[in-house]
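Read through the structure below, which is laid out as structure tokens, and then see the notes.
The values are calculated or read from the model by the stated rules, or taken from the named source; none is laboratory data. The model shown is predicted, which means the values in this text are computed figures rather than measured ones. Positions of Cβ are generated from backbone atoms using ideal geometry, with glycine treated the same way; all protein chains shown enter the neighbour counts.
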Amino acid sequence: MQIQVVKSKIHRVTVTGAELNYIGSITVDEALMEAANIIEGEKVQIVNINNGERLETYVIKGNRGSGEITLNGPAARKVQKGDIVIIISYALMDFEEAKQFKPSLVFPNTENNAIG
């Protein structure tokens, strides 16, 4: 049996922009992506702490060390600059493997820098 489990999480990061007139996706600072073990193009769930919205999109690599978290395209209607969001990715794995798996969790500081 295979189950879906949390693979990566960037917990409570501040949205720095919302660009409606863009193809779509979320742009994430490359340093945060690496800290959370998320790759460009990976599907993620975005949970908006401010309004309860949940949506799925894919990640685009942002400039390293910029702190950028920008929701692009239709997702920009679900967030505002300054909102706090959680970015979560999931993995499908064997049930027994999942029991031993440890997700990559990142708790950014107020400047969206990865601190662990």
| query | Cβ-Cβ below 6 Å, separation at least six or inter-chain, first residue in region 35-59 and in a loop (DSSP other than H, G, I, E, B), second hydrophobic (A, V, I, L, M, F, W, C): which pairs? | reply | Ile38/Val59; Glu40/Val59; Glu42/Val59; Ile49/Ile84
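I want to confirm something. Restricting to region 91-111 and keeping residues that are part of a helix (DSSP H, G or I) and not aromatic (Phe, Trp, Tyr), which single residue is surrounded by the fewest Cβ atoms within 10 Å (Cβ to Cβ)?
The first filter runs over region 91-111 and keeps only residues part of a helix (DSSP H, G or I), leaving 95-100.
Checking which are not aromatic (Phe, Trp, Tyr) leaves us with 96-100.
Values: Glu96: 9, Glu97: 12, Ala98: 16, Lys99: 10, Gln100: 7.
Only one residue fits best here, namely Gln100.
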| remark: The lone condition Ile26 fails out of (1) surrounded by 14 or more Cβ atoms within 10 Å (Cβ to Cβ); (2) assigned to a loop (DSSP other than H, G, I, E, B); (3) at pLDDT 95 or above; (4) in contact with a helix residue (DSSP H, G or I) (Cβ under 9 Å, 6 or more places away or on another chain) is (2)
| message | closer than 17 Å to Glu111 by Cα and within 11 Å of the chain's Cα centre (by Cα): which single residue out of Arg12, Arg64 fits that description? | response | Arg12
| said: Consider region 29-43. How many of its residues are closer than 10 Å to Ile10 by Cα and among the β-branched types (Val, Ile, Thr)? | reply: 1
| query | Only one of these conditions is not met by Glu97: (1) within 18 Å of Ala35 (Cβ to Cβ); (2) without any contact (Cβ under 8 Å) to a residue 40 or more places away in the chain. Which number is it? | reply | (1)
| field | Failed condition for Asn21, given (1) closer than 13 Å to Ile86 by Cα; (2) free of Cβ contacts under 8 Å to residues at least 60 places away in the same chain; (3) not in a strand (DSSP E or B) | value | (1)
